[in-house]
């Protein structure tokens, strides 16, 4: 771990001023913390789109404030990009390309020439078309370059007192829409309402995926029995938005 941290600190020593694509997740929060601890001028930018629920935006603000850094919010209508809205298999590539291009424009106007993101050494580039877009735009990934894995970052975050150390992984709401189905704002809103309602029932790591006009619920294995026990309550919460509600017995990994 010491060698990895040395590489991360060497990156900050070589790049003392940078913009950060910030989501409020485990990786970007730790990268912001590490950059500030290294004495760098790191400005976090959150690109707000219909793909993020309001709860994530609120959390991102609070976490940046915990590190005593002001968060820059950029609003982007990502669905105006037809290659994103039409939801092809490589939607993530077009989405990342659009979002980071906008972020880079804003960052340059603010005097930041370098843009970095929180990709880590556990991320499989071959399975993430969005990472190809980052490479094309020359976005740097210091955690990945230092060899820090997700497990490393969680451990370091816990040591630093960051409450994100055990925060569940989050994927944007667009991933709940089947590939090939046009992404409409109303579909995203239905998913957001459903996941928010389940969070209120203390199901914190869940996915509500569209299955035709129905909802397919994915719980962690440890929550499956409780979800079945709460079947009637869950149905009442979701039935106005979906024609049916199905439980995925495979659950979440």
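Principal semi-axes of the equivalent ellipsoid, √(5λ) from the alpha carbon gyration tensor of the chain, are 33, 21, 16 Å from largest down. Considered as an equivalent ellipsoid built on the Cα gyration tensor, region 184-253 has semi-axes of 18, 12, 12 Å, the largest given first. Computed over the alpha carbons of region 134-253, Rg followed by Dmax gives 17.3, 50 Å.
Calculate, in nm to one decimal, what residue 57 and residue 3 gain on full extension: separation in residues at 0.36 nm each, minus their alpha carbon distance.
Numbers: separation 54, 0.36 × 54 = 19.44 nm, distance 3.36 nm.
Residue separation times 0.36 nm, minus the Cα-Cα distance, leaves 16.1 nm.
To the nearest ten degrees, helix 54-66 and the longest principal axis of the Cα atoms of the chain are 30 degrees apart. Helix 91-109 and the longest principal axis of the C-alpha atoms of the chain enclose an angle of approximately 40°. Over every Cα atom in region 134-205, the radius of gyration and the widest Cα-Cα span, Dmax, amount to 16.7, 43 Å. Cα centroid separation, region 42-108 to region 124-159: 17 Å. With respect to the chain, whose longest principal axis is taken over its alpha-carbon atoms, helix 26-37 is tilted by about 20°. Histogrammed with a bin width of 10 Å, the alpha carbon distances of region 83-138 distribute as 22, 49, 26, 3 percent, first bin at zero.
The convex hull defined by the C-alpha atoms of region 118-169 has an orientation-averaged projected area of 3.9 nm². For a modelled paramagnetic label at residue 14, 7 Å from Cα along Cα-to-Cβ, the residues of region 135-150 in reach, with backbone nitrogen under 20 Å, are 135-149.
The orientation-averaged projected area of the convex hull spanned by the Cα atoms of region 5-132 comes to 8.1 nm².
The listed peptides 64-73, 109-118, ordered by packing as a protection proxy, come out as 109-118, 64-73 (highest mean of other Cβ atoms within 10 Å first). Here region 2-79 has an Rg and Dmax of 13.4, 43 Å, counting Cα atoms alone.
Since every read-out is calculated from the coordinates, none of them should be taken as a lab result. Predicted model, so just to flag it, every value in this text is computed and none were measured. Positions of Cβ are generated from backbone atoms using ideal geometry, with glycine treated the same way; all protein chains shown enter the neighbour counts.
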